[in-house]
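Participant: A single structure is presented below for examination.
The values are calculated or read from the model by the stated rules, or taken from the named source; none is laboratory data. Fair warning: this is a prediction, and the values are worked out from it, not measured in the lab. We place every Cβ from the backbone using ideal geometry, glycine too, and count neighbours over all the protein chains shown.
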Amino acid sequence: MQKGWRYYACLMGAQLMWPKLAIKSEQGFFSFNEADSESPVLVTTDYYLTSFRVREAIEEQGLRCHLLVVDGRGINVWCGSRGGHVNTDSVLDAIEQTGLAELVTHRNIILPQLIASSVSKAVLADNGWKAIFGPVEISNVGDFIDNGFEKTRENSNVYFDLNARLENNIAHIVFETVMFLAMTPFFWLLAGFDGLLSSWFGYWWSNLLYIIIGAWTLGTFMAIVDPMMPTTSGYVRGLLTGVLALIVWKVLLLWLSIMSPLTYVYEPAWLDTSGLTILGLSLFVGFNWGGATPYMGEDQMIRDILAGLGTLVVLFALGVYFPLGVF
């Protein structure tokens, strides 16, 4: 299968920019490798990246099966399930609209495990269908079918490996870059009131490139060291990363001041303008990153966002009242 623009648009987080930018695939019933009425039926959502990878895995494994693509509003399985975009009704609607009961002789449908929180096996059974939750990774679905729909413990675990983390990071740092660029005209308008807002916009505009580079660097670092972090909290991870980045930055500036005393004056305060920016940016990237991992529930994500926003306000206030730095 060829990866077109929709595939890469999904990778770069088009859905994060604005929900209506969700890239959808065609819904309906599809058959592969001369599947017949007795072949198994897999279910996925119409998020293009997910649908593409399911089809790709089916073709690579040479599976004789059918695929039922349900309406998930162009959102991936996990997020769609958590957000209520895909549920039991979505599956039943797809079954009815495609006339699935007349296309297969059995009444088994293999659903993604990550959709389990929003799909009721009991309700599907009441409508004549047996829901079977398959492996987390679509690459294991062939073994799952060959094993009589029995799932091993390994196939039940979510593996957030380096490739998945870097891919997730790309989506978020592209989103953050677009957001920073979109915020700039708004800050420029506020700068028209002069005073603090004017000077703050001057700092933002003159350092925008460095802020974007910083977000990419911090996000990539968090993605790489993710398994070594002592907590699942995106807020705490952002704070720890920010403190580490701040130390590295200050040591670098001290080294530059020693090596080039005539061209650089070292600012001894830890939380000067650059220090506050590093901490604030790291916290922002951190709680953004944390909410996209498979580690956190919705409650923890909300707590992280609230804590992160509160800390950003404090850091901004420190920059206002202590312009020459503190600590």
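Participant: From the list ARG82, ARG64, ARG73, which residue is surrounded by fewer than 20 Cβ atoms within 10 Å (Cβ to Cβ), basic (Lys, Arg), touching a Ser or Thr at 6+ places or on another chain (Cβ under 8 Å) and closer than 28 Å to TYR8 by Cβ?
Facilitator: Among ARG82, ARG64, ARG73, only ARG82 is surrounded by fewer than 20 Cβ atoms within 10 Å (Cβ to Cβ), basic (Lys, Arg), touching a Ser or Thr at 6+ places or on another chain (Cβ under 8 Å) and closer than 28 Å to TYR8 by Cβ.
Participant: In addition: Please verify whether ASN168 is surrounded by 14 or more Cβ atoms within 10 Å (Cβ to Cβ), outside the structural domain of GLU26 (by TED's automatic domain parsing) and under 18 Å from TYR47 (Cβ atoms), treating the condition exactly as stated.
Facilitator: The answer is yes for ASN168.
Participant: Say we look at region 250-267 and pick out the residues that are surrounded by 11 or more Cβ atoms within 10 Å (Cβ to Cβ) and more than 21 Å from ALA317 (Cβ to Cβ); which of these is modelled with the lowest pLDDT? I'd like the intermediate steps shown before the answer.
Facilitator: Just the residues of region 250-267 that are surrounded by 11 or more Cβ atoms within 10 Å (Cβ to Cβ), to begin with: 250, 253-257, 264, 266-267.
Now narrow it down to the ones that are more than 21 Å from ALA317 (Cβ to Cβ): 250, 253-257, 264, 266.
Working: LYS250: 88, LEU253: 82, LEU254: 81, TRP255: 81, LEU256: 78, SER257: 78, TYR264: 61, TYR266: 65.
Of everything passing the filter in region 250-267, TYR264 is modelled with the lowest pLDDT.
Participant: Separate question: Picking from PHE193, PHE149, which residue would you name as being surrounded by 12 or more Cβ atoms within 10 Å (Cβ to Cβ), aromatic (Phe, Trp, Tyr) and out of contact with any Ser or Thr (no Cβ under 8 Å at 6 or more places or on another chain)?
Facilitator: Result of the check over PHE193, PHE149: PHE149.
Participant: Restricting attention to region 30-49, report how many residues are acidic (Asp, Glu) and buried (at least 19 other Cβ atoms within 10 Å of the Cβ).
Facilitator: 1
Participant: Is it the case, given these coordinates, that SER198 is at pLDDT below 90 and over 27 Å from THR293 (Cα atoms)?
Facilitator: Yes; evaluated as a whole, the condition is true for this residue.
Participant: Quick check on region 128-138. Is at least one of its residues assigned by TED's automatic domain parsing to the domain that holds GLY242 and either closer than 30 Å to ASP71 by Cβ or surrounded by 17 or more Cβ atoms within 10 Å (Cβ to Cβ) (or both)?
Facilitator: No, that holds for no residue.
Participant: Right, here's the next one. Those residues that are buried (at least 16 other Cβ atoms within 10 Å of the Cβ) and free of Cβ contacts under 8 Å to residues at least 24 places away in the same chain, I need them from region 201-216; list them, please.
Facilitator: Residues satisfying the conditions are PHE201, TRP204.
Participant: How many residues does region 296-327 contain that are at negative phi, modelled with pLDDT under 70 and surrounded by 14 or more Cβ atoms within 10 Å (Cβ to Cβ)?
Facilitator: Counting residues in region 296-327 that are at negative phi, modelled with pLDDT under 70 and surrounded by 14 or more Cβ atoms within 10 Å (Cβ to Cβ) gives 1.
Participant: Is it the case that LEU124 is closer than 17 Å to GLY72 by Cβ, in the same structural domain as GLU34 (by TED's automatic domain parsing) and surrounded by 13 or more Cβ atoms within 10 Å (Cβ to Cβ)?
Facilitator: yes
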